[in-house]
Amino acid sequence: MKKIIIDCDPGVDDAIALLLALASPELEILGIVTVAGNVSLSFTEKNARKICELANRGDMKVYAGCPRPILRSLETARHVHGETGLQGVDLPEPQMPLQRQHGVEFLIETLLQASEPITLATLGPLTNLAIALIQAPQIIPKIQEVVLMGGATGQGNVTASAEFNFYVDPHAAHIVFTSGLPLTLMGLDVTHKVLTTPERLQQIRAIASPVSTTAAAMLAHYGAYDVEKYGMLGSPLHDPCVIAYLIQPELFLGRNLHVAIETTSELTMGRSVVDLWQAGQQAPNVHVIQQADDEGFYSLLIQRLSEL
Ligand code: RIB
Ligand code: CA
């Protein structure tokens, strides 16, 4: 089993990613750390607990991390994920506790105590990991790799230049991308090709379990925004691609490239500058995923959701 810590901002696609991770025996989830992003931290931490209980995992440890980006004020994506972050469903108030320890402290303590390096899966703004790196740089050798959802080689989704996670906290992204950590980047170039088409949504609905019915209801609402905005055939499942990569990396193809984060110009704030043609002199620092087997991804997702 791969020991992992998930950092997320549920958010509908984060919720699907958590369900996929909780359904996958290949992964040993040491804890779920939440961050402000899609919605405020008070919602993201509660949503993470709601999803754990939906998956009958009230034993999972859920932590609240940072309530805002390092420098910029928080900008959310309520218009995409709804006021609560899980639009389309009304899950019961969680009974499982929120852990008292701060999510950043959990990250640092767990990594320093680990007998072997741990994989981090980040699905939201990188505030928690960046703060942990500043507070305790000695965690770096205890991190096996960081698989991140964020960025884009091409167009952004929150501005013409920037993807949401990196736009919300570009300074945190800069800290992570200059840390020397082994990074694998799952950006919009890939996730915008992993679409929950009506046929795939019907396959999820047809599982007809409480989990799949809830997942389908969330996805039906979540998809409307992207379908209208991009004219897509369905909602892009950004965050679940990170979890699928951890389970079946062969579903994805990537290249080692240099990536830097823009933190000065308001015009391009949060842009991931990917040196696709290695025009610059800087050595590659990121494994940038460029292709996904979307059919294989949905086969995995539907199979695992049916087992929850
Ligand atoms: O740009 C998409 C990313 O931003 C996803 O992680 C989504 O959940 C939001 O956090
Ligand atoms: Ca997210």
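What follows draws every value from the coordinates through simple rules; no lab data is involved. Keep in mind it's a predicted model, so treat the numbers as computed, not measured. Neighbour counts are summed over all protein chains in view; Cβ atoms, including those assigned to glycine, are modelled from backbone coordinates with ideal geometry.
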Suppose every Lys and Arg Cβ carries +1 and every Asp and Glu Cβ carries -1, with no other charges. What dipole size does the chain come out with about its Cα centre, to the nearest 20 debye? 280
Can you find, among V288, H258, L181, the residue farthest towards the positive end of the dipole of the chain? Put +1 on the C-beta of Lys and Arg, -1 on that of Asp and Glu. L181
From Cα pairs below 8 angstrom and at least 6 apart in sequence, can you work out the relative contact order of the chain, rounded to a whole percent? 19
Taking the Cα centre of region 1-73 as the origin and placing charges on Cβ (Lys, Arg +1; Asp, Glu -1), which of T34, A55, L19 is farthest toward the positive end of the dipole? T34
Give me the number: length gained by fully extending A283 to L253, i.e. 0.36 nm times residue separation minus the C-alpha to C-alpha distance, one decimal in nm. 8.8 nm
With a 10 Å Cβ neighbour count serving as the proxy for reagent exposure, in which order, fewest first, do D169, D59 appear? D59, D169
Exposure proxy check on Y222, Y230: fewest-to-most Cβ neighbours within 10 Å is Y230, Y222
Once the convex hull of the C-alpha atoms of region 117-268 is built, how many Å³ does it hold per residue, rounded to a whole number? 131
Along the charge dipole of the chain, which of G223, F166, L74 sits closest to the positive end, that is, farthest toward it, with unit charges on the beta carbon of Lys, Arg, Asp and Glu (+1, +1, -1, -1)? L74
Candidate lysines - alpha carbon under 23 Å from K50, same-chain residues fewer than 8 apart omitted: K3, K61
The chain, convex hull of Cα, quarter of hull surface, nm² -> 14.2
What order, most packed first, do the peptides 122-130, 242-250 have when packing is the mean number of other Cβ atoms within 10 Å of each residue? 122-130, 242-250
Charges only on Cβ, +1 for Lys and Arg, -1 for Asp and Glu: so what's the dipole of region 1-143 about the Cα centre, in debye to the nearest 20? 220
Translational diffusion coefficient, Stokes-Einstein: compute it for region 50-149 using the Kirkwood radius over C-alpha pairs as Rh, at 37 °C and 0.692 mPa s, and state it as an integer in µm² s⁻¹. 212
Based on DSSP H runs of at least 4 residues, each adding -39500 (n - 2.57), what is the mean residue ellipticity at 222 nm of the chain after dividing by all its residues, to the nearest 500 deg cm²/dmol? -11500 deg cm²/dmol
Quick one: Cα convex hull volume of region 94-199, Å³ per residue? 156
Taking the beta-carbon count within 10 Å as an exposure proxy, list T119, T178 from fewest neighbours to most. T178, T119
Ratio to report: Rg/Rh of region 189-247, with Cα atoms as the point set and Rh obtained by the Kirkwood method; give two decimals. 0.98
Projected-area average for region 178-305 over all orientations - Cα convex hull basis, square nanometres: 9.4
Could you work out the Kirkwood radius for region 123-180, taking every pair of different alpha carbons, averaging 1/r and inverting it, reported in Å? 11.9
